[in-house]
Amino acid sequence: MSDQPLTLTRHLLTREETTTPPEDLALVMERIAVIAKRISRKLIHATLGGHLGYSGDTNVQGEQQKKLDDWTNQTFLEVFRHGYPVCSIVSEEMEKPTHYERNCRGRSYAVLCDPLDGSSNSDNNGLLGTIFSIRERARGHGFDASDLLAPGSRQVAAGYVLYGPATQLVFTAGAGVDIFTLDRELGEFILWREKVKMPRRGTTYAVNQGNASRWHPGMRKLVEHMTSRKDKASSYALRYCGCFAGDFHRILLEGGIYIYPGEVLPDGKVTNGKLRLMYELAPMAMVAEQAGGRASNGNVDILDLTPTDIHERQPIYIGSTEEVTLAERFKPES
């Protein structure tokens, strides 16, 4: 690393031109960096501070909330309350968007997020993450989110933060994928790797194999194909931690595929899986494609899907191009 480390803000202000003004990206990403630092610090002390376990509430998804789920969501709302040019927050933890009309002056944006990805890992010191998407709001938009219901290709930036042995922020604004590591002494995210490229093929797959009995036959055949190879060069090993950001991060750097399929119900209908399109799948798909990978729901590229609801779910097959193309050939959702 050079004697003059490149901070996130400095990198954003000097990076290649994108369709979004660099000063706007810098303003938004500075606040996401602040949130990431607060969460990272909170996680260090959560065990001793009594902040683990369930809060007793449920979110809009009908899922039990961890105490940290609510705290991280409130952190997003607090940091962006006076966070021009962001005038809307869409979160996994809220039924409806939160709007800050004072921030809607001229060109404005929405931040869509899963504030604490993998929160079930919080009680066992496992990997956790934050996933975010940035979209530009339409001029003259109202208090609803109708103008945001557009394909993921309309995102202006996306990424995630991974809270592990190091806190890393992975980010793209359509000009490649960059990874920053939090230097706790400096209190800054420092550029670690620039224009990351995902290998075209990997040797691992990530899936909750405990749900296999409810998978579509095509999905079961896909996993059987990947795990029945006899030679080491073409075999795959299962690596799954239960945090989408954590599982995807390995694949971004080493190749492979992450899968969260739909499930076949007793009446024969197939669900759309568990993960939400707008603030989990679309941002990860943007990162994957910018790194040379792919993301599909088994039939259509994730970034081509137009949501009908901010909490819409879709299946996901994301990772190296060879593995995602292989998955589609098995028609795992048909």
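Throughout, read-outs are computed from the coordinates displayed, never taken from laboratory work. Predicted model only: the values in this text are computed from it and were never measured. Cβ coordinates were reconstructed from backbone atoms using ideal geometry, including for glycine residues, and neighbour counts include every protein chain displayed.
In terms of modelled amide H atoms, which long-range or inter-chain residues lie less than 5 Å from the amide H of GLN314?
LEU275, LEU277
Calculate, in nm to one decimal, what GLU194 and GLN74 gain on full extension: separation in residues at 0.36 nm each, minus their alpha carbon distance.
Numbers: separation 120, 0.36 × 120 = 43.20 nm, distance 3.13 nm.
So the chain would gain 40.1 nm between GLU194 and GLN74.
Given a cut-off of under 8 Å on Cα pairs at least six residues apart, what relative contact order in percent is computed for the chain? Before the final figure, lay out each step's value.
Working: 711 pairs, mean separation 51.8, N = 334.
Contact order relative to length: 16 percent.
With 10 angstrom as the radius, rank GLU254, GLU136, GLU92 by how many other C-beta atoms surround their C-beta, starting from the fewest. Before the final figure, lay out the partial values.
Values: GLU254 15, GLU136 21, GLU92 25.
Ascending Cβ contact count within 10 Å gives the list GLU254, GLU136, GLU92.
What fraction of the DSSP beta bridges in region 204-329 is antiparallel, stated in percent and rounded to the nearest 5?
The antiparallel proportion sits near 70 percent.
I need the calculated FRET efficiency for the pair VAL264 and ALA138, taking r as the beta carbon distance and R₀ as 35 Å, to the nearest 0.05.
Numbers: r = 38 Å, r/R0 = 1.10.
The calculated FRET efficiency here is 0.35.
Which Cys residues of the chain have no other Cys Cβ less than 4.7 Å away and so no disulfide-compatible partner by this rule?
So, CYS113, CYS241, CYS243.
Could you line up LYS331, LYS37, LYS269 from fewest to most neighbouring Cβ atoms inside 10 Å? Could you put the intermediate results ahead of the total?
On the way: LYS331 15, LYS37 18, LYS269 9.
Listing LYS331, LYS37, LYS269 from fewest to most nearby Cβ atoms yields LYS269, LYS331, LYS37.
With an 8 Å cut-off on Cα pairs and a minimum separation of 6 or more residues, tell me the relative contact order of region 8-193 in percent.
In percent, rounded to a whole number, it is 15.
Cross-chain or 8 or more residues apart, Cα under 22 Å: how many lysine pairs in the chain fit that? Count them up, please.
16
Expressed in nm to one decimal, what extension gain is obtained for the pair ARG184 and THR14 from 0.36 nm per residue of sequence separation less their Cα-Cα distance? Before the final figure, lay out the partial values.
Details: separation 170, 0.36 × 170 = 61.20 nm, distance 2.33 nm.
Length gained between ARG184 and THR14: 58.9 nm.
Order the peptides 7-15, 177-185 from the highest to the lowest mean number of other Cβ atoms within 10 Å of their residues.
On the way: 7-15: 16.4, 177-185: 18.8.
Peptide ranking by packing, descending: 177-185, 7-15.
I'd like to compare 291-299, 196-204: which one has the highest average count of other Cβ atoms within 10 Å, and what's the full order after that?
Working: 291-299: 22.4, 196-204: 17.9.
Those peptides, ordered most packed to least, come out 291-299, 196-204.
For GLU289, GLU30, which order do you get if you count the other beta carbons within 10 Å of each Cβ and list the fewest first? Please list the in-between numbers first.
Numbers: GLU289 22, GLU30 15.
Ranking GLU289, GLU30 by Cβ neighbours within 10 Å, fewest first, gives GLU30, GLU289.
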